[in-house]
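Before any comments, here is the structure.
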Amino acid sequence: MPVLAIGSDITLSKLVILARDGVINLDLGRPIRDPDDWQPIPGSLEAIARLSQAGFLVTVATNQPGLALGSLDLDALNAVHHRLHDRLDRVGGHLVAIAYCPHGPAEGCDCRKPQAGMHRCLLERFGVVGADAIVVGDRPTDLAPAHALGARAIWVRTGRVVDTCNDDNVEVFDDLSQVATVLLKED
Ligand SMILES: [Zn+2]
């Protein structure tokens with residue numbers, strides 16, 4: 001739920017929606033089935049910790065088409081996310097939700113990025129409007145939902161394919177650590 005400060009200076013929490021692979025952990029270019037294959041990008045867990053300790057609601061939205069295509073099952077996905085929560089816990093970070101799309105590209109669902117269904121659910125769940133959300137991704141499909149919902153779009157250059165971002169409505173940073181530093185400076 002949004003955090004309300006008591007008094008005249010009432011502020012709602014901001015919601016941060018992160019892509020997983022290429023933002024928090026290395027993008028292996030394939031589904032991560034084994035928690036031991038899940039490798040955090042240096043500084044990413046500490047960045048999430050800094051944000052969550054400052055009152056940001058930090059969430060994840062991740063496409064997991066392997067669930068539909070048979071290259072990943074739910075037990076494996078849960079085990080990987082357990083590892084993520086556990087490693088975050090050790091540095092004092094917290095994810096309030098992980099949303100995943102279990103559908104394949106051919107299914108035409110409204111949650112698989114670049115569609116905005118996961119992001120819309122997260123906004124509704126935490127009572128945050130699009131303008132108070134910050135979407136962080138390493139590829140255009142991660143940031144399309146930000147544009148659809150009027151959220152702030154941030155590109156980080158830690159993806160598997162480090163591309164050039166030609167979108168004026170996207171801010172570009174080196175990594176999640178730099179994003180956290182900028183957001184906390186503004187806060
Ligand atoms: Zn879906």
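The values are calculated or read from the model by the stated rules, or taken from the named source; none is laboratory data. Just so you know, these numbers come straight off a predicted model, no measurement behind them. Don't worry about glycine lacking a Cβ; one is built from the backbone with ideal geometry, like all the others, and counts go over all protein chains shown. In case anyone asks, the SASA skips ligands and DNA or RNA and just uses the protein heavy atoms, side chains included. Shrake-Rupley method; radii C 1.70, N 1.55, O 1.52, S 1.80 Å.
Listing for the model above:
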| read-out | value |
| --- | --- |
| Protein accessible area in the chain, 1.4 Å probe - carbon and sulfur % | 49 |
| Choice from Leu18, Leu84, Leu143 with maximal GNM fluctuation in the chain (Cα, 10 Å cutoff) | Leu84 |
| Whole-number Å³ per residue for the convex hull built on Cα positions in the chain | 115 |
| Estimated dipole of the chain in Debye, rounded to 20 [Cβ of Lys and Arg +1, of Asp and Glu -1, Cα centre] | 160 |
| Theoretical ellipticity at 222 nm over the chain - DSSP helices of four or more residues, -39500 (n - 2.57) apiece, nearest 500 | -10000 deg cm²/dmol |
| Mean Cβ neighbour count within 10 Å, used as a protection proxy, ranking 144-155, 70-81, 164-175 highest first | 144-155, 70-81, 164-175 |
| Per the chain, cysteines lacking a partner by the 4.7 Å Cβ criterion | Cys109, Cys121, Cys165 |
| Rounded accessible area per residue of the range 47-187, 1.4 Å, Å² | 48 |
| For Tyr100, distant residues with modelled amide H under 5 Å away | Thr62 |
| Dipole-positive endmost among Pro35, Leu176, Ala79 within the chain (Cβ charges, Cα centre) | Ala79 |
